[in-house]
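Student: Pasting a structure here, questions to come.
The values are calculated or read from the model by the stated rules, or taken from the named source; none is laboratory data. Keep in mind that this is a model prediction, so the values were computed, not measured. All Cβ positions, glycine included, derive from the backbone under ideal geometry; neighbour counts span all protein chains shown. Quick note on the areas: whole protein, heavy atoms, side chains included, nothing else; ligands and nucleic acids left out. Shrake-Rupley method; radii C 1.70, N 1.55, O 1.52, S 1.80 Å.
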Amino acid sequence: MKPLESLIAQAQAMPSTMAQPASADRDPGVKEAPVSFVSRRAVPASPTTEDEAEVARMMQICNACRYCEGFCAVFPAMTRRLEFGKADINYLANLCHNCGACLHACQYAPPHEFAVNVPQAMARVRMQTYTDYAWPAGMGRLYQRNGLTVAMATALALALFLVLAVASAGSLLHEPLAGDFYAIFPHNTLVALFGTVFGFSMLALAIGVTRFWRNVSPGQASGAAVAGAAHDALRLRYLDGGHGKGCNEADDAFTLWRRRFHHFTFYGFMLCFASTSVATLYHYVLGLQAPYPVLSLPVLLGTVGGIGLLIGPAGLLWLNLRRHPEHGDTRQRPMDRGFIALLFVVSLTGLLLLAFRDTSAMGLLLAIHLGTVMALFLTLPYGKFAHGIYRSAALLKWNIEKRKPNPVAAGSD
């Protein structure tokens, strides 16, 4: 055990050489060096931050121990490295699903003096990557500092704007319009407004994840790697704790509810997106104009998706409120809860609009719903939604990487 303890003790000393400024009592043989990104078109080169240095320290300890090697993709990916540069740390942090299994299995977790808490350290670096790669620069930092307040204030402000627009055109309460939304807001106006905002959000996310992708040097993606990454992402494979029993939330008990609520949320969102896509085909290709019957495909998809987007976010918020502080970064809770709250409110207002679309309250409900949808679109690149995009990119890199020979050949894949 002494060689292992010796290696870990050396790793424990890493913060004094990586994260702190030089001093007279520092080992003169150890020097800081900024890590250069691969692409000049990506984020400019920057030195390793304190949070990244902490992840590197923990990875050195974990590389010496390897007890958690079979838990998730992070640890076999870790064994393919002897040193951890900035790009490696960003990649591993986004590969981590924050299931908490390694924290409860670790013999060096707090209150041990090595204080190894991989899920918490990885979460902090993930937050940093969202900020570093955000486009336009600086926007991510604004949302992260006050996620719930910004998200809800944006939703309320946009809803108020749309309510005023309805009021200026007549009355908030009107004669029933048989569910004809376009009698209040013209179709082309809505397409131009929401298409522009959604397009901007997708562009911002695409630029951010492209910068991340170039910097982590993934290599050439094969069909098998793409299929493997899609399989891992769609099944949320690594939210099973590596043993199939699930994540740790409030304590060391395992639960699969985090995985299930994520599935409700993700597939609910995708069904709502499918509903909008089918309605677009109906309008432009088939010439079928809204409103559509309750049993039509767009309405059925939207209803089922909306129910999923009520169950999933409500469950995730319940788990987030109960989760132990050591299982993640508490600084991210405003961002997490802001996104969860927006998804829930978007779904709730959408279902209410469907239920009361033949009443005189349709205009008011439509204005509120469109305001929350607009807020969701505006904050997509700068909130929790980004984690799904970056994590999918990390999963693709892992599926590319594990199909190559291990350059270290000191651990299993």
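Student: Hey, among the residues in the range 70-84 that are open to solvent by 40 Å² or more (accessible area, probe 1.4 Å) and under 24 Å from the mean Cα position of the chain (by Cα), which one's modelled with the highest pLDDT?
Tutor: To start, the set of residues in the range 70-84 that are open to solvent by 40 Å² or more (accessible area, probe 1.4 Å) comprises 70-71, 82-83.
Next cut, under 24 Å from the mean Cα position of the chain (by Cα) only: 70-71.
Details: G70: 82, F71: 86.
Restricting to residues being open to solvent by 40 Å² or more (accessible area, probe 1.4 Å) and under 24 Å from the mean Cα position of the chain (by Cα), the top hit is F71.
Student: Here's another thing I want to ask about it. Within the range 85-105, take every residue that is in a loop (DSSP other than H, G, I, E, B) and touching a residue at least 40 places away in the same chain (Cβ under 8 Å) and give me the one that is surrounded by the fewest Cβ atoms within 10 Å (Cβ to Cβ). It would help to see each step written out before you state the result.
Tutor: At the first step, the residues of the range 85-105 found to be in a loop (DSSP other than H, G, I, E, B) are 85, 96-100.
Right, trim to touching a residue at least 40 places away in the same chain (Cβ under 8 Å) and you get 85, 97-100.
Values: G85: 16, H97: 28, N98: 26, C99: 26, G100: 26.
Going through the qualifying residues, I end up with G85.
Student: Any idea how many residues of the range 347-369 are open to solvent by less than 20 Å² (accessible area, probe 1.4 Å) and within 23 Å of the chain's Cα centre (by Cα)?
Tutor: Of the residues in the range 347-369, 1 are open to solvent by less than 20 Å² (accessible area, probe 1.4 Å) and within 23 Å of the chain's Cα centre (by Cα).
Student: With respect to E69, is the statement that it is within 29 Å of T255 (Cβ to Cβ), in a helix (DSSP H, G or I) and not aliphatic (A, V, I, L, M) true? Please lay out each step first, then the result.
Tutor: Details: within 29 Å of T255 (Cβ to Cβ): yes; in a helix (DSSP H, G or I): no; not aliphatic (A, V, I, L, M): yes.
Judged against the criteria, E69 is not a match.
Student: Starting from the range 375-402, keep only residues that are touching a residue at least 60 places away in the same chain (Cβ under 8 Å), then list their pairs with residues that are surrounded by 22 or more Cβ atoms within 10 Å (Cβ to Cβ) and among the hydroxyl-bearing types (S, T, Y) whose Cβ atoms are within a distance under 7 Å, requiring at least 6 positions of separation or different chains.
Tutor: Going by the 7 Å Cβ cut-off, the qualifying pairs are T379/Y143; Y382/Y143; G383/Y143; A386/Y130; Y390/T129; A394/Y91; K397/Y91.
Student: Determine whether the range 256-266 contains at least one residue that is in contact with a helix residue (DSSP H, G or I) (Cβ under 8 Å, 6 or more places away or on another chain), free of Cβ contacts under 8 Å to residues at least 24 places away in the same chain and in a helix (DSSP H, G or I).
Tutor: yes
Student: For the range 273-291, enumerate the residues that are under 25 Å from A183 (Cβ atoms) and open to solvent by less than 40 Å² (accessible area, probe 1.4 Å).
Tutor: Those that are under 25 Å from A183 (Cβ atoms) and open to solvent by less than 40 Å² (accessible area, probe 1.4 Å): S275, V278, A279, H283, A290.
Student: On the basis of being out of contact with any Phe, Trp or Tyr (no Cβ under 8 Å at 6 or more places or on another chain), open to solvent by less than 30 Å² (accessible area, probe 1.4 Å) and assigned to a helix (DSSP H, G or I), does A230 make the cut? Reasoning before the result, please.
Tutor: Numbers: out of contact with any Phe, Trp or Tyr (no Cβ under 8 Å at 6 or more places or on another chain): yes; open to solvent by less than 30 Å² (accessible area, probe 1.4 Å): no; assigned to a helix (DSSP H, G or I): yes.
Here the answer is no, as A230 does not meet what is asked.
Per-residue answers, yes or no, for (1) at pLDDT 90 or above; (2) touching a helix residue (DSSP H, G or I) at 6+ places or on another chain (Cβ under 7 Å):
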residue: T129; (1), (2): yes, yes
residue: R141; (1), (2): no, yes
residue: Q144; (1), (2): no, yes
residue: A167; (1), (2): no, no
residue: G170; (1), (2): no, no
residue: E175; (1), (2): no, no
residue: P186; (1), (2): no, no
residue: T189; (1), (2): no, no
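Student: Hey, could you check the range 292-310 for residues that are under 21 Å from V346 (Cβ atoms) and open to solvent by 50 Å² or more (accessible area, probe 1.4 Å) and say which is farthest from the chain's Cα centre (by Cα)?
Tutor: V294
Student: Condition (residue is more than 30 Å from L354 (Cβ to Cβ) and part of a strand (DSSP E or B)) applied to the range 235-250: is it met by at least one residue? Write out each step before concluding.
Tutor: Filtering the range 235-250 for residues more than 30 Å from L354 (Cβ to Cβ) gives 235, 237-250.
With part of a strand (DSSP E or B) added as a condition, the list becomes 247-248.
Checking the range 235-250: at least one residue is more than 30 Å from L354 (Cβ to Cβ) and part of a strand (DSSP E or B).
Student: Output the residues belonging to the range 191-227 that are in contact with an Asp or Glu (Cβ under 8 Å, 6 or more places away or on another chain) and surrounded by 14 or more Cβ atoms within 10 Å (Cβ to Cβ). Explain how you work it out, then say what you get.
Tutor: The initial filter retains those residues of the range 191-227 that are in contact with an Asp or Glu (Cβ under 8 Å, 6 or more places away or on another chain), namely 216, 218-219.
The answer is V216, P218.
Student: Could you list, in sequence order, all residues of the range 317-333 that are touching a Leu at 6+ places or on another chain (Cβ under 9 Å) and open to solvent by less than 50 Å² (accessible area, probe 1.4 Å)?
Tutor: H327
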